[in-house]
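A short worksheet on the structure shown next.
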Amino acid sequence: MPMPFSTQTSVSWLMVCNCLTRLVSSENTTIYGGTQEDILLHPSRQLTNASTFSWRKDQQYLAKFKNNSVTYYEPYDQRVKLFLNGSIKLEKVSKNDSGLYMHEAHDKEGRFFNQDRIDVEILDPVSKPLVTACCTGEGKMTLLCSSEKGDNVSFGWILNGFVVSSSCNLTVERNVTGKLHCFGENKISRELSDPVNLLDLGKPLDL
């Protein structure tokens, strides 16, 4: 079987970038990222004594530092960057990038130095929720909150700045006043609906 294509570049250009990415630093845990975002994974220990280190997803290598150079492996070579502190950045991630990522480091004598296992889960962010009238009853109205997009979304309601419910639906008395929002959220995002004026609930709805 042919070996995967790889490219080698000098490590001298590598630096820890201060870019606007979703920063993640964890050991033996689960982290979350949003589709089409960048994520940055960190080793749990400083690698001042490390001579070689690598990252792989499941059994597929992403990048490896050895002999003062970096090797990148397909199909990740065009969208990963490895840094001198051992961190690795994955650009424009998709749900296919979900999985177990493993970092390993060895010292100059080849002795095992550090290992991290990070479960990465990539989710679609929540779209702006919409409020609709679900059903009506005497003196009451039930509203429904929904979002077209988003994975593992939970919903809730905010009345006059306070969370009053953690459900996708809410039943309100017609004599309640104030501004009402619903929200949808998951591990990576949170969105509010447009405000609903409760004074208008007794009128024909145009939400």
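The values are calculated or read from the model by the stated rules, or taken from the named source; none is laboratory data. If you're wondering where the values come from, they're calculated on a predicted model, not measured in any experiment. Accessible surface is based on the protein model in full, side chains and every heavy atom, while ligands, DNA and RNA are left aside. Shrake-Rupley method; radii C 1.70, N 1.55, O 1.52, S 1.80 Å.
Computed with every protein chain present, the accessible area of His181 is close to 50 Å² [probe 1.4 Å]. Solvent-accessible surface of protein heavy atoms, probed at 1.4 angstrom with all chains present, puts Phe53, Phe112 in the order Phe112, Phe53, largest first. Counting only protein heavy atoms and using a 1.4 Å probe, the accessible area of Lys128 comes to about 100 Å². Multiply the residue separation of Thr35 and Leu84 by 0.36 nm, subtract the distance between their alpha-carbon atoms, and state the gained length in nm to one decimal. Fully extending the segment from Thr35 to Leu84 adds 15.0 nm.
Test of understanding: what is the full-extension gain from Lys66 to Ser44, defined as 0.36 nm times their sequence separation minus their Cα-Cα distance? Numbers along the way, then the final one.
On the way: separation 22, 0.36 × 22 = 7.92 nm, distance 1.94 nm.
Full extension of this stretch gives 6.0 nm more.
Phi angles across region 139-148 convert, under the Karplus curve 6.51 cos²θ - 1.76 cosθ + 1.60 with θ = phi - 60°, into 3J(HN,Hα) values of x, 9, 9, 9, 10, 10, 10, 8, 10, 6 Hz, Gly and Pro given as x. For a straight C-alpha distance cut-off of 25 angstrom, the lysines reachable from Lys149 (same-chain residues fewer than eight places away being disregarded) are Lys92, Lys95, Lys128, Lys179, Lys187.
Taking each residue as 0.36 nm, the span from Leu100 to Asn160 lengthens on full extension beyond its C-alpha to C-alpha distance by 17.3 nm. Distance from the Cα centroid of region 137-173 to that of region 55-75 is 47 Å (rounded to whole angstrom).
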